[in-house]
Amino acid sequence: MENSNFPQKYLSLIATNAAEAHLASPALTIAEEGELRIKYAPFDHVTLNARLVIVGITPGATQANAALKASRAAILAGADLPDALVRAKSHASFSGPMRANLVAMLDAIGVAEYFSLSSSEQLFEADSEQVHFTSALRYPVFRQGKNYNGTPNMLKTPLLRQMIDTCLAEEARQLPEALWLPLGPKAGEALQHLVQCGLLQGDRVLAGMPHPSGANAERVAVFLGRKSPQAASRQTKGAALCTAFKRLGKQISELKGGRQ
């Protein structure tokens, strides 16, 4: 999927016609195949100074429409293309309880210490440019009109795998020294694919951390040791979370040792 001209092509359209600044616009369709449809939204900016890369599955409709609206407003206010992309991407940042959970888990496995910070919260400070937010599938994917949730398998679906092998692979080449944090197993599979392709080092991929969303509160609590796995529900899979916590802590410790 050759995407180098996407921002110029689509943002010019969005700037000249307000009706196009919404995912419902047919003009924003990049590709479609069967039940799947890929739409354009301005998630092209890569934070090149990032020390941590947070990877989801794909932008959802709400997030994508907010980015489209922000990019249009930026262009109409006189911003150039790169700045418009930066402003659009700012809508991807974590905040509130989700950020608090994420920071707590990163600190618990030693990420703050690895970066010589008092807390991983410092990575998220305004204008710090230390975190890059992205997705396994950079542009929003929908299945039967609904947000794509990992089915069908993105690595076994040529239309989707192509986006990983171009967009995500490009980001891996740009940020080889960063720590890469997949949010969930589907994003983790995409990063493991890049490891197998030689584009990422496996020890820089922090796989196994539970998603920091509020809906995942019990899994986060078990991961952090705030709740025993025995007291957690069976669906939480507490033993696996405890194993992941120990493995990630060891992984960060070994990375830190390798720098000394």
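The values are calculated or read from the model by the stated rules, or taken from the named source; none is laboratory data. Quick caveat, the model's predicted, so the values are computed rather than measured. Here Cβ is always computed from backbone atoms with ideal geometry, including for glycine, and neighbour counts include all displayed protein chains.
Filtered by the rule that a residue be in contact with a helix residue (DSSP H, G or I) (Cβ under 9 Å, 6 or more places away or on another chain) and in a helix (DSSP H, G or I), segment 172-188 gives a lone residue, Ala172.
Here Ile75 fulfils each of the conditions (1) among the aliphatic types (A, V, I, L, M); (2) at pLDDT 95 or above; (3) over 25 Å from Leu160 (Cβ atoms) apart from (2).
If the condition is being in a loop (DSSP other than H, G, I, E, B) and touching a residue at least 60 places away in the same chain (Cβ under 8 Å), then segment 59-91 contributes Pro59, Gly60. For segment 127-169, the candidate set comprises residues that are part of a loop (DSSP other than H, G, I, E, B) and hydroxyl-bearing (Ser, Thr, Tyr); within that set, the residue that is farthest from the chain's Cα centre (by Cα) is Thr157.
Pick out the one residue from Leu52, Leu48, Leu68 that is at pLDDT 95 or above and under 26 Å from Asn149 (Cβ atoms).
None of the others qualify; the one that does is Leu52.
Suppose we filter Val195, Val131, Val141, Val111 for residues that are hydrophobic (A, V, I, L, M, F, W, C), without any contact (Cβ under 8 Å) to a residue 40 or more places away in the chain and buried (at least 17 other Cβ atoms within 10 Å of the Cβ); which single one remains? Talk me through it step by step, then tell me what you get.
Working: Val131 fails: without any contact (Cβ under 8 Å) to a residue 40 or more places away in the chain; Val141 fails: without any contact (Cβ under 8 Å) to a residue 40 or more places away in the chain; Val111 fails: without any contact (Cβ under 8 Å) to a residue 40 or more places away in the chain.
That would be Val195, the only listed residue that is hydrophobic (A, V, I, L, M, F, W, C), without any contact (Cβ under 8 Å) to a residue 40 or more places away in the chain and buried (at least 17 other Cβ atoms within 10 Å of the Cβ).
Report whether or not Ala104 is among the aliphatic types (A, V, I, L, M) and touching a residue at least 12 places away in the same chain (Cβ under 8 Å).
Details: among the aliphatic types (A, V, I, L, M): yes; touching a residue at least 12 places away in the same chain (Cβ under 8 Å): yes.
In short, yes.
Of all residue pairs spaced 6 or more apart or on separate chains, those with beta-carbon atoms under 6 Å, a first member in segment 235-260 that is under 21 Å from Leu179 (Cβ atoms) and buried (at least 17 other Cβ atoms within 10 Å of the Cβ) and a second member that is among the hydroxyl-bearing types (Ser, Thr, Tyr) and modelled with pLDDT of 95 or more are Ile252/Tyr114.
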